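Worksheet: one structure, shown below.
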Amino acid sequence: MLDYSMLYPRETVSRRVVSQDGMWKFCLDEQGAGESLNWPEGIPGNEMIPVPASFQDFYTTKEIREYAGDLWYEKDMFVPEEWKEKKILIRFGAATHRAVVFVNGIRIADHEGGFLPFCADVTEVVRYNACNKVVVKVNNELTVTNIPCGQTVTLPTGRKMCKPYFDFFNYAGLQRSVWLTAVPKESIFDIDTDYELDGTDAKVSYTVKTTGEHPVTVELFDAGGHSVARSEGKEGVLSVKGARLWEVRNAYLYRLAIRIMDDGEIVDEYEQEIGIRTVKVSKTEILINGKPVYLRGFGKHEDSDVVGRGFNMGVMKRDFELMKWIGANSFRTSHYPYSEEIYQMADREGFLIIDEVPAVGLFESLMNFMEASTGKKTAFFAKDTTPVLLQAHLRAIEEMITRDKNHPSVIAWSLLNEPETTDEAAVPYFKEVFDRARSLDVQKRPRTFTLVMNSLPGTCKCYQFSDIIALNRYYGWYVSGGYDISNGEVLFRKEMDAWEALNLDKPFLFTEYGADTLASEHKLPSVMWSQEYQDEYLDMTHKVFDSYDFIKGEQIWNFADFQTTEGIMRVNGNKKGVFTRQRQPKDIAYKLKKRWENLPLNYKSDI
Ligand code: EVA
């Protein structure tokens, strides 16, 4: 079990939250000598940098952009006298990929994994009514014992360089918000909810974990603030008459108010927004509230100009407006859990999320999707280091599910992206990963992983673990692209026929398909990379999707162009976006809008 609460910081009668976003002191540590130089007590220089943001794209030298190693951040945080009886925590939305936190020179917390929150409990070391020096050593190196996987090499210049086994830039730093929070010593630690529908009524069952023994009360309010149900105890069931359901693109949120009480006094209070909805997979259907849905939408990235992977509220807003405009109803948080504010927005807007853990690059090659297309096989999970990787992976799954389980928008867990699955060594690894997700999720949401091009009906040893089969396919791009696209279609149909013959009786989703397209290029007749080719590629791919009833969704790769490592395969980034990196439409956006707006929600279903 995690030793800090994952609940999103919120102010209530008993809780205080002070944002620490803004300019922080910053410096690089090429020699990795900061600790021996006493930097935990204060870092050198006057350089300032914004938080949240990736550090890489502010500067004008390549040495900084490509820097691999330790980065140090520092900020003074004022702790008021009134907080004396409270537990005081600093909550980091994320520190990529690992961090050590020092407060007033004392090492107080360590965290591994760059896309999930953690708290440093600083109660014992803070000074009251005074400024406290908070220093964070972040490290952005890639290894094969943590996710996402990659290597860090040393160049002849003596500088280190990260070599990701994945196709997105290794942005790093304090990329999400930081909060100073005060909660009561006896506090609400975790909440689970589950839903059952009964005609027009609903049952909301809940479990609350607290750090003490005082009794708990729970009250449910509708969106107008009216109390609709109450219960006592750390576990219980709330009956909601005439429940308003959370529906796809038609969300309705209730507010669950949880209190720890002591003789009529509130010890702690926390409020959690919830949506009443069920998620189930039955045969080849994905059912939300018992009704079949056909997913349409995107694989995305947290990626934008200047701030890189840093959370940017404006970009988030624009992305949701574009997704609404184009008629999407879902997205996958490829290839890591996103900032929590994005899930909150999806909860309000009624989008469905496939929530992905950062298990990407679990395939021995610099660009796994390329080599997989050639049929190359490597036994990624047979390494000596695999047990260490597995522990990091299981920990990330626990953090992700604990963080995200109460979002109505989250309808499935994606536990790996494009891992190596052709070797037997993958099987026991997958078993642990899938079992762990099942045991952590009270709602028992469907679990999946995305299959790379060489994970085929005849070669993949792991698809049986998935409740939904998720395919990343690039027929007409990496395989048989350009004038050869007719052959791509033949190969594509051959693969789909082989899946059909297996009779798995599970829904299939396309979690990736797409073609790199430069917004500047037009060519008649088309060539690969032109906008005209992206259009033809989609026509072919959609025709195949439309021919198989067990295909229950399409999430195109990618929502927007995004930054990658430089190389001969990429033109200043991956250009498979339907939108440019600046969030303007390529021609294909209008075609997708027409298609998605016209597909019924229950497309390919007779229920
Ligand atoms: C691509 N293909 O080639 C994408 C990658 C992505 O960006 C994949 O899952 O299979 C990967 O990360 O454009």
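The values are calculated or read from the model by the stated rules, or taken from the named source; none is laboratory data. Model, not experiment: these values are computed from the prediction. As a convention, Cβ positions derive from the backbone with ideal geometry for all residues, glycine included, and neighbour counts pool all protein chains shown.
Is it the case, given these coordinates, that Glu340 is buried (at least 19 other Cβ atoms within 10 Å of the Cβ), more than 30 Å from Val479 (Cα to Cα), of a type in the set (Asp, Glu) and modelled with pLDDT of 95 or more?
Against the criterion (buried (at least 19 other Cβ atoms within 10 Å of the Cβ), more than 30 Å from Val479 (Cα to Cα), of a type in the set (Asp, Glu) and modelled with pLDDT of 95 or more), Glu340 qualifies.
In the range 453-485, which residue that is modelled with pLDDT of 95 or more, within 13 Å of the ligand (Cβ to nearest atom) and of a type in the set (A, V, I, L, M) is nearest to His542 (Cα to Cα)? Ranking the candidates gives Leu471 first.
Listed here are the residues, each with its yes/no results for (1) over 31 Å from the mean Cα position of the chain (by Cα); (2) over 24 Å from Thr450 (Cβ atoms).
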site: Tyr483; (1), (2): yes, yes
site: Val490; (1), (2): yes, no
site: Trp499; (1), (2): no, no
site: Ala515; (1), (2): no, no
site: Leu518; (1), (2): no, yes
site: Ser530; (1), (2): no, yes
site: Met540; (1), (2): no, no
site: Tyr548; (1), (2): no, no
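From Asp606, Asp505, grab the single residue that is away from the ligand (no atom under 16 Å from the Cβ), within 25 Å of Lys280 (Cβ to Cβ) and touching a Lys or Arg at 6+ places or on another chain (Cβ under 6 Å). I'd like the intermediate steps shown before the answer.
Working: Asp606 fails: touching a Lys or Arg at 6+ places or on another chain (Cβ under 6 Å).
Result: Asp505 is the single residue among Asp606, Asp505 that is away from the ligand (no atom under 16 Å from the Cβ), within 25 Å of Lys280 (Cβ to Cβ) and touching a Lys or Arg at 6+ places or on another chain (Cβ under 6 Å).
Within the range 311-335, being in contact with an Asp or Glu (Cβ under 8 Å, 6 or more places away or on another chain), not in a helix (DSSP H, G or I) and not charged (D, E, K, R) holds for Phe311, Gly327, Thr333, Ser334, His335.
Matching residues to (1) within 16 Å of the ligand (Cβ to nearest atom); (2) without any contact (Cβ under 8 Å) to a residue 40 or more places away in the chain; (3) in contact with a Gly (Cβ under 8 Å, 6 or more places away or on another chain); (4) farther than 18 Å from Trp72 by Cα:
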position: Ala94; (1), (2), (3), (4): no, no, yes, no
position: Val101; (1), (2), (3), (4): no, yes, no, no
position: Arg107; (1), (2), (3), (4): no, no, no, no
position: Lys133; (1), (2), (3), (4): no, no, yes, no
position: Gln151; (1), (2), (3), (4): no, yes, no, yes
position: Leu155; (1), (2), (3), (4): no, yes, no, yes
position: Gly158; (1), (2), (3), (4): no, yes, no, yes
position: Asp194; (1), (2), (3), (4): no, no, no, yes
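Has the range 179-192 got at least one residue that is among the hydrophobic types (A, V, I, L, M, F, W, C), crowded, with 17+ Cβ neighbours inside 10 Å and farther than 27 Å from Asp262 by Cβ? Taking every residue of the range 179-192 in turn, none turns out to be among the hydrophobic types (A, V, I, L, M, F, W, C), crowded, with 17+ Cβ neighbours inside 10 Å and farther than 27 Å from Asp262 by Cβ. Against the numbered list (1) touching a residue at least 40 places away in the same chain (Cβ under 8 Å); (2) more than 16 Å from the ligand (Cβ to nearest atom); (3) touching a Cys at 6+ places or on another chain (Cβ under 6 Å), Phe430 comes up short only at (1).
Could you check the range 216-262 for strands (runs of 3 or more DSSP E) lying wholly inside it with 2 or more residues that are in contact with a Ser or Thr (Cβ under 8 Å, 6 or more places away or on another chain) and surrounded by fewer than 16 Cβ atoms within 10 Å (Cβ to Cβ)?
Working: elements: 216-221, 227-232, 235-240, 254-262.
Qualifying strands (runs of 3 or more DSSP E): 227-232, 235-240.
Against the list (1) within 20 Å of Met23 (Cα to Cα); (2) in a strand (DSSP E or B); (3) touching a Phe, Trp or Tyr at 6+ places or on another chain (Cβ under 9 Å); (4) free of Cβ contacts under 8 Å to residues at least 40 places away in the same chain, the condition Gly45 fails is (2).
Only one entry of Thr157, Thr143 meets the criterion of being closer than 30 Å to Tyr67 by Cα, surrounded by fewer than 16 Cβ atoms within 10 Å (Cβ to Cβ), out of contact with any helix residue (DSSP H, G or I) (no Cβ under 8 Å at 6 or more places or on another chain) and polar (S, T, N, Q), and that entry is Thr157.
Conditions tested, residue by residue: (1) in contact with a helix residue (DSSP H, G or I) (Cβ under 8 Å, 6 or more places away or on another chain); (2) more than 16 Å from the ligand (Cβ to nearest atom).
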| position | (1), (2) |
| --- | --- |
| Met528 | yes, no |
| Tyr533 | yes, no |
| Glu554 | yes, no |
| Glu566 | no, no |
| Gln584 | no, yes |
| Lys593 | yes, yes |
| Leu601 | no, yes |
